[in-house]
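Down below is the structure, laid out as structure tokens.
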Amino acid sequence: MKYVIIAIVFISIGLIIYGFNLDASEDALSHKYIGSGTLLLFLVAMPLFLIRESKGKKFNDYMLTDENVRKMQGKEPRKADNQDTPKK
């Protein structure tokens, strides 16, 4: 999977570079090469990379919840919501 992603990235960069190196007389064709290289890079290679790298990771660890913010600040996490209000 790693080598497939690397190959897709190199192919898309190659398409983009080839599109920029075409003559001005082939303007429409150069736009097609640049656009297809960009689409291949962002719609195929990037999602494959993100899927590969995020395997086995918890999504909740990367969200800014109250508990995670308190951990970053070095404070104790709240145990219950009603602890701050005084009892009568």
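What follows is calculated from the coordinates using simple rules that are stated; it is not laboratory data. In this text the structure is predicted, and so the values were computed from the model without any measurement. Heads up, the Cβs are rebuilt from the backbone with ideal geometry, glycines too, and the neighbour counts pull from every protein chain shown.
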May I ask you to derive the FRET efficiency for LYS55 and ILE6 from their Cβ-Cβ distance with R0 = 22 Å, giving the value to the nearest 0.05? 0.80
How high is the relative contact order of the range 2-76, in percent, counting Cα pairs under 8 Å that sit 6 or more residues apart? 30 percent
Which value, in debye to the nearest 20, gives the size of the charge dipole of the range 2-76 about its Cα centre, when Lys and Arg are +1 and Asp and Glu are -1 at the Cβ? 480 debye
Which entries in the list LYS2/LYS58; LYS58/LYS79; LYS32/LYS55 go over 26 Å, if you measure between the two C-alpha atoms of each? LYS32/LYS55
Which one of PHE49, ILE11, GLN73 has its Cα pushed farthest toward the positive end of the charge dipole of the range 2-76, where Lys and Arg give +1 and Asp and Glu give -1 at the Cβ? GLN73
Label points 7 Å out from Cα along the Cβ direction at LEU29 and LEU48: separation in nm? 2.7 nm
So, how do all the Cα-to-Cα distances of the chain break down into 5 Å bins, in percent, from 0 on up? 2, 12, 13, 11, 9, 8, 7, 7, 7, 6, 5, 4, 3, 2, 1, 0, 0
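Return the calculated 222 nm mean residue ellipticity for the chain, to the nearest 500 deg cm²/dmol, obtained by summing -39500 (n - 2.57) across DSSP H runs with n ≥ 4 and dividing by the residue count. Don't jump to the answer; show the numbers that get you there.
Values: 4 runs with 50 residues, N = 88.
Here the helix-only value at 222 nm equals -18000 deg cm²/dmol.
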What list of ³J(HN,Hα) values in whole Hz, one per residue of the range 19-36 in order, does the Karplus curve 6.51 cos²θ - 1.76 cosθ + 1.60 (θ = phi - 60°) give from phi, with Gly and Pro shown as x? x, 6, 8, 6, 5, 5, 6, 9, 5, 5, 5, 5, 5, 5, 5, 5, x, 5
